[in-house]
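The values are calculated or read from the model by the stated rules, or taken from the named source; none is laboratory data. Computed from a predicted model, the values in this text were never measured in an experiment. Here the Cβ positions follow ideal geometry from the backbone for every residue, glycine too, while neighbour counts run over all protein chains shown. Calculation scope for accessible area: heavy atoms of the full protein, side chains included, ligands and nucleic acids excluded. Shrake-Rupley method; radii C 1.70, N 1.55, O 1.52, S 1.80 Å.
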Amino acid sequence: MDPQHTQYGMPESEAAAEARRLIDDWAGKPVQHHPTSFRDDTKPPAFGTTPPVPQPDHRIVPAWAAGIAVASIGVGAGVTGIGCGAWLVLQGLASVTLAGVLMVTLPFAGVAMVATAIGGAISKARAAVTKNIYEGPVTHHTEVHNNSTTRGMFFARTRNEIR
């Protein structure tokens, strides 16, 4: 074998013959078809017991995801109930009239007025009857000593001491 006239260790004529042989060998084999489904055509028994068939548990959704889904449905239902309650309250408030408000608050205003009158009467009854009159000189003596100290130039700090 001459390394100057060969490509990858095999002359071109031999390489072509080997390639032709491999292709012919592959093309000569029959194509294998693999079945993708299976149908059992045996008839089930008309009566009697049948043997149990194993049914493995292959869940599509994990348990934690199902729990979150159930919780979100519960939260949604709760929020819907709160929204319906708020709607009912607001519908009731929308139908309020001035006369209705006055009729509802009238007893409260009456109770407040009576409580104020009773409080005023008790306050007058507890008031002291005696008056203290002070006679004599009154002096007021105030002495201020201010010591002021300033430090710093840009961020000055002033300290005042008053005694």
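Report, in deg cm²/dmol and to the nearest 500, the calculated mean residue ellipticity at 222 nm for the chain, where each DSSP H run with n ≥ 4 adds -39500 (n - 2.57) and the sum is divided by the residue count. Calculated from helices alone, the mean residue ellipticity at 222 nm is -17000 deg cm²/dmol.
Taking Cα atoms only, the orientation of helix 12-28 departs from the longest principal axis of the chain by about 80 degrees.
Report the full-extension gain for the segment Met103 to Ala66: residue separation times 0.36 nm, less the Cα-Cα distance, to one decimal in nm.
Values: separation 37, 0.36 × 37 = 13.32 nm, distance 5.35 nm.
Gain on stretching Met103 to Ala66: 8.0 nm.
For the listed peptides 68-76, 151-159, a ranking on the average number of other beta carbons within 10 Å per residue, highest first, reads 68-76, 151-159. Length available on full extension from Ala15 to Arg159: 0.36 nm per residue minus the Cα-Cα distance, which gives 41.4 nm. With angles folded into 0 to 90 degrees, how steeply does helix 63-94 sit against the dominant principal axis of the chain? Use alpha carbons for both and round to 10. On a 0 to 90 degree scale, this one is about 40.
Only Cα pairs within less than 10 Å get springs; with that Gaussian network setup on the chain, which residue of Pro56, Pro45, Pro107 has the largest fluctuation? Checking each option, the largest mean-square fluctuation is seen for Pro45.
By accessible area of protein heavy atoms, probe 1.4 Å, what ranking do Lys29, Lys43 get, highest first?
Numbers: Lys29 130, Lys43 180 Å².
Ranked from most to least accessible, the order is Lys43, Lys29.
Need one word for the range 79-147: rounded, prolate or oblate. Basis is the Cα gyration tensor (sqrt eigenvalues a ≥ b ≥ c); a/c below 1.5 gives rounded, then a/b vs b/c decides.
On the way: a/c = 5.72, a/b = 2.09, b/c = 2.73.
Note, shape of the range 79-147 comes out oblate.
For the range 8-54, applying the loop criterion from DSSP together with a ceiling of 14 other beta carbons within 10 Å to the trypsin sites (Lys or Arg not before Pro) yields Arg39. Between 0 and 90 degrees, the angle of helix 98-126 with respect to the longest Cα principal axis of the chain falls at about 40 degrees.
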